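Beneath this line is the structure, given in structure tokens, with notes to follow.
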Amino acid sequence: MAVETQEFRAEARFQRISPQKARLVLNLVKGQGVQQALETLAFTKKRIAPVVHKVLTSALDNAKYLSDERGLDLDVDNLYVKTAVANDGPRMKRIRPAPMGRAFRYQRRLTHIIVSVAERAVNDALVTKVDETSKASTKKAPAKKAAAKKATAKTTKIIRKTKSAA
């Protein structure tokens with residue numbers, strides 16, 4: 001009984017930062033609730049954090065707008081950051097002067113940032129029960145420890161025999 005959850009996304013393309021640096025910030029907010037993710041981004045000191053904040057806000061606005069337009073019952077407080085991805089964009093080739101009239105080439109990397117939010121599934125019907133098997137597994141633990149002690153005792157006897165023979 002898998003229930004389809006609607007996913008809402010926003011993206012910022014051609015951002016002038018390397019994808020590796022953007023992933024550092026995106027991994028901070030991945031899986032968090034939207035409100036907590038926005039607070040995390042507000043206090044992150046990385047240069048890309050305001051851009052990710054803006055993209056996340058846009059994804060949240062997309063969720064509100066599309067839920068109203070499609071007539072979906074969406075709880076905004078129950079949204080979380082489902083995916084946050086930083087993909088490679090095109091690279092700008094640049095040249096840096098080098099000694100003796102030569103030139104070194106380097107690349108400025110661009111990033112496409114994609115953030116999607118979804119509503120967290122609420123399972124009120126799930127109830128956890130304590131079974132007899134969990135009680136039985138706790139009783140078996142001392143037996144395993146005793147077997148481990150016997151195995152270490154055997155290995156120490158073998159080591160002592162080899163030392164005395166030498």
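The values are calculated or read from the model by the stated rules, or taken from the named source; none is laboratory data. Everything quoted here is computed from the prediction, not taken from an experiment. FYI the Cβ positions are ideal-geometry reconstructions off the backbone, even for glycines, and counts take in every protein chain you see. Note: areas computed on protein heavy atoms with side chains; ligands, DNA, RNA excluded. Shrake-Rupley method; radii C 1.70, N 1.55, O 1.52, S 1.80 Å.
Summary of computed values
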| item | result |
| --- | --- |
| Accessible area in square angstrom per residue, the range 1-75, 1.4 angstrom probe | 70 Å² |
| Debye log10 I(q)/I(0) at q = 0.19 Å⁻¹ for the range 1-100, Cα point scatterers | -0.95 |
| Table column - 3J(HN,Hα) (Hz), the range 19-26, Karplus curve with 6.51, -1.76, 1.60, x for Gly and Pro | x, 5, 5, 5, 5, 4, 7, 5 |
| Protection proxy ranking, peptides 94-106, 47-59, 75-87, average beta carbon neighbours within 10 Å, highest first | 47-59, 75-87, 94-106 |
